[in-house]
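Okay, structure first, notes after.
The values are calculated or read from the model by the stated rules, or taken from the named source; none is laboratory data. Quick caveat: nothing in here was measured; it's all calculated off a predicted structure. Note that each Cβ is placed from the backbone with ideal geometry, even for glycine, and that neighbours are counted across all protein chains shown. Ligands, DNA and RNA are stripped out before the accessible areas are found, and what is left, the full protein with its side chains, is counted by its heavy atoms. Shrake-Rupley method; radii C 1.70, N 1.55, O 1.52, S 1.80 Å.
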Amino acid sequence: MVLVRKTKPSAVIDAEAMDDVDRCEEERDLAWQVNAGSTGSLARVATDIGARYLFVSTDFVFDGTKGGYREQDVPRPVNHFGETKLAGEHAVLAATADHLVARPGLLYGWDDTYLNFATWVLSSARDGTPIDVATDWIASPTFADSLAAGVLELLKVPDGGVYHLAGADGMSRYDFAVRLVKAFGLDPETVRPVRAAELHLKAPRPANASLSSAKAKRHRIAVLPVDEGIAAMKEQRSLDSFVPPAGFKSGVSG
């Protein structure tokens, strides 16, 4: 916050989060401070210096009972992570109506410091390690590079508020995982279909948190669909060059 006051940027993009969903259930106070308290404080600082603030939130603010969520749908989180991110959204928009909230879906892409769902699936399949992936968790896979480009475009939109910036394809994590391994020429048999309840995770997850990004599309902002996002990953680098980071959060837990 001191740095923001000192440098006085024209815009602040807040993509930081405590996003280990199960850890948020266990360390509730810390999750609240990171995802809501610090977010609100930084948003108010941005307001003070006349900067526009964009908060990257999550599809987990919804309960997952219907999918295809639009911005006007009422959020009802089913876990503490979702509750803290929703509180962060409220704090951002309370600072000024000009600030922005962007909600992506299931994020994926290359990252050498943090294992996301896609790199967990691909590195496991490459190594021949079977993984259990839920068939009854549905999301809108969101290519991180495309999201980043969309965020920069969203900052140019005059109207503040909430915008969904997610891939257009709603699908189960299992279906997405199979698409990934097939696209990279790996054995889809390493991806084993299971029901979410069989994973015995601490925090509940929304069953269908897929998002509609029609509002952003009206401003000609869109995230790449899944097949194009996977193709972009293949063009960026070889899977052989990817080394899973040590001390990672398992891709299954988000």
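Computed values, structure above
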| item | result |
| --- | --- |
| Cα coordinate range in the stretch 52-136, projected on the principal axes (Å, largest first) | 50, 30, 21 |
| Angle in degrees between helix 80-95 and the longest Cα principal axis of the chain, rounded to the nearest 10 | 30 |
| Highest average packing first - 5-17, 49-61, Cβ atoms within 10 Å | 49-61, 5-17 |
| Acute angle (nearest 10 degrees) that the helix 144-154 long axis makes with the longest principal axis of the chain, alpha-carbon atoms | 20 |
| Those aspartates and glutamates that a straight Cα-Cα span of less than 13 Å connects to Lys202, excepting residues fewer than 8 apart in one chain | Asp20, Asp22, Glu25, Glu26, Glu27 |
| Compactness of the chain as Cα Rg over 2.2 N^0.38 Å, two decimals | 0.99 |
| Positive minus negative residues near His164 (Lys, Arg vs Asp, Glu; Cβ under 13 Å) | +1 |
| Amide H contacts under 5 Å for Trp110, placed H, 5+ residues apart | none |
| Cross-link reach list, lysines versus Lys217, counting only Cα pairs under 27 Å and skipping chain neighbours closer than eight places | Lys66, Lys85, Lys156, Lys234 |
| Cβ-placed point charges (K, R +1; D, E -1), dipole of the stretch 156-222 about Cα centre in debye, nearest 20 | 300 |
| Net charge of neighbours whose Cβ lies under 14 Å from the Cβ of Ile49, counting Lys and Arg as +1 and Asp and Glu as -1 | +3 |
| About the Cα centre, charge dipole magnitude for the stretch 130-243 (Lys/Arg +1, Asp/Glu -1 at Cβ), debye | 380 |
| Net charge dipole size for the chain [Lys, Arg +1 and Asp, Glu -1 on Cβ; Debye, nearest 20] | 660 |
| Surface accessible to a 1.4 Å probe, per residue, for the residues of the chain, Å² | 45 |
| Computed FRET value (nearest 0.05) for Ala231 with Lys6, which takes r as the C-beta separation and R₀ as 35 Å | 0.25 |
| Long-range HN-HN contacts of Leu211 with modeled amide H, under 5 Å | Gly68, Tyr69, Ser140 |
| Distance-filtered residues of the stretch 126-161 - backbone nitrogen under 16 Å, label point 7 angstrom along Leu201 Cα→Cβ | 131-142 |
| Amide proton proximity set for Leu100, modelled H, under 5 Å, gap of 5+ | Tyr53, Leu54, Phe55, Gly161 |
| Positive-end residue of Ala31, Ser212, Val162, charge dipole of the chain with Cβ unit charges | Val162 |
| Packing-based ranking, highest mean first, of 210-218, 231-239 given that Cβ atoms within 10 Å are counted | 210-218, 231-239 |
| Rounded to 5, percent antiparallel among DSSP beta bridges of the chain | 10 |
| Relative contact order of the chain, pairs being alpha-carbon contacts under 8 Å that are 6 or more residues apart, as % | 25 |
| Cβ-based charge dipole, the chain, positive-most Cα from Ala231, Gly88, Phe184 | Gly88 |
| 0 to 90° range, to nearest 10: angle between helix 226-236 axis and the chain longest Cα axis | 90 |
